[in-house]
Amino acid sequence: MLNAYIARNGGLAPAAPGASPADVLSALWIDVVNPSPDDDKRLLAQLGIDIPTRDEMQEIEPSSRLYEQDGGVYMTALITWDVEEEPKNTAVAFVVTANQLVTVRFAEPQPFRSFAARVARQPRLITSSDIGFVTLMEIIVDRAADLLERCGAELDMVSADIFREKERAASRLHREHPRDLEVVLQRIGRQYNLASKVRESLVSLGRAAAFFHRAASGRLQTETDNRLRTIERDLRALAEHDTYLSQKTNFLLDATLGLINNDQNRIIKIFSVVSVVFLPPTLVASIYGMNFKLMPELGWNMGYPWALMLMFLSAVVPYWYFKRRGWL
């Protein structure tokens, strides 16, 4: 699918459904979504631009993602999307020439919908391909910042749930609201996955912004140049914040696993105490259950009460000793 936005009346507007092929191909912004190999060849022939294929966009070496060719600046960056279901990164190619901005993508990241909506509301916002690329980058960076804010807020709630001592104590004593630490682990895992995806996206975006800044520095207007510098600073700051969130995620993960180990040790401790308390009575019962012929107590009228008393005392004394030492 090809979405074209044509420069008209000093601004940018979506191409009408009945627009001529010439108008579409002369559009200021061409957004190519899910192109097939035949679409790549057709666009290459009509636009004179070597549209990156899906396989080429998956390359990880910078020389394959960032290069100049035939007067155009080619960049491939990762953008985080599908956050509500399972965060993942999709490769998006940007081709910026002196007159056109071409984007090639195989997914529907939120920034592209936001960019199209902003262009529709403010058609005079985009007057050149350079401004279009910088504006789109600003929206992508804003979206990454929103995702990190969401991740930070969720981690704060997880931290509050983990370290709320009063409720934890009540939960252990009354068992009215047992804490599900497995759910906490799942929440931490989701936020770690989101933070790692955003960080991977920020690194690729930072490389693309720096490469475009160097490649197009000779033709950028002062305002556009300043906006691009701001984008680079924001990307570095967000990468540092993402590192902090990753460290916090690791800390919360260690804390949760520590609490799970404490709960397991507490259960094992209870079983150990019960075993120690009932071991002496079991020993007494075993002795008096041997029924040897010459056992003196076999003919004693008080033998049965005496055995019961010994079993009771042998259970109470260890329990009292443990409580006095603070082991229970």
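The values are calculated or read from the model by the stated rules, or taken from the named source; none is laboratory data. Since this is a predicted model, take the numbers as computed values, not measurements. In this analysis, Cβ positions are derived from the backbone assuming ideal geometry, glycine residues included, and neighbour counts consider all displayed protein chains.
Give Pro318, Pro305 a once-over and let me know the one that is touching a residue at least 24 places away in the same chain (Cβ under 8 Å) and assigned to a helix (DSSP H, G or I).
One residue alone meets the criteria, Pro318.
Quick check on this structure: which one of Arg219, Arg175, Arg214 is surrounded by fewer than 17 Cβ atoms within 10 Å (Cβ to Cβ) and modelled with pLDDT of 90 or more?
Arg214
May I ask you to verify whether Ala117 is assigned to a helix (DSSP H, G or I) and in the same structural domain as Phe211 (by TED's automatic domain parsing)?
yes
Suppose we filter Arg266, Arg324 for residues that are in a helix (DSSP H, G or I) and surrounded by fewer than 10 Cβ atoms within 10 Å (Cβ to Cβ); which single one remains?
So the residue among Arg266, Arg324 that is in a helix (DSSP H, G or I) and surrounded by fewer than 10 Cβ atoms within 10 Å (Cβ to Cβ) is Arg324.
Among Arg54, Arg65, which is basic (Lys, Arg), surrounded by fewer than 20 Cβ atoms within 10 Å (Cβ to Cβ) and over 23 Å from the mean Cα position of the chain (by Cα)?
Arg54
Name the residue, out of Ile126, Ile131, Ile162, that is modelled with pLDDT under 95, surrounded by 14 or more Cβ atoms within 10 Å (Cβ to Cβ) and farther than 26 Å from Asp234 by Cβ.
On inspection, the qualifying residue turns out to be Ile162.
Name the residue, out of Phe212, Phe278, that is touching a strand residue (DSSP E or B) at 6+ places or on another chain (Cβ under 7 Å) and either outside the structural domain of Leu310 (by TED's automatic domain parsing) or farther than 21 Å from Thr80 by Cα (or both).
So the residue among Phe212, Phe278 that is touching a strand residue (DSSP E or B) at 6+ places or on another chain (Cβ under 7 Å) and either outside the structural domain of Leu310 (by TED's automatic domain parsing) or farther than 21 Å from Thr80 by Cα (or both) is Phe212.
Being more than 30 Å from Asp180 (Cβ to Cβ), in a helix (DSSP H, G or I) and either free of Cβ contacts under 8 Å to residues at least 60 places away in the same chain or among the hydroxyl-bearing types (Ser, Thr, Tyr) (or both) narrows it down to one residue among Thr224, Thr249; which is it?
Thr224
Assuming Ser63 fulfils every condition listed in (1) in contact (Cβ under 8 Å) with a residue 12 or more places away in the chain; (2) within 12 Å of Ala208 (Cα to Cα) apart from one, which condition is it?
(1)
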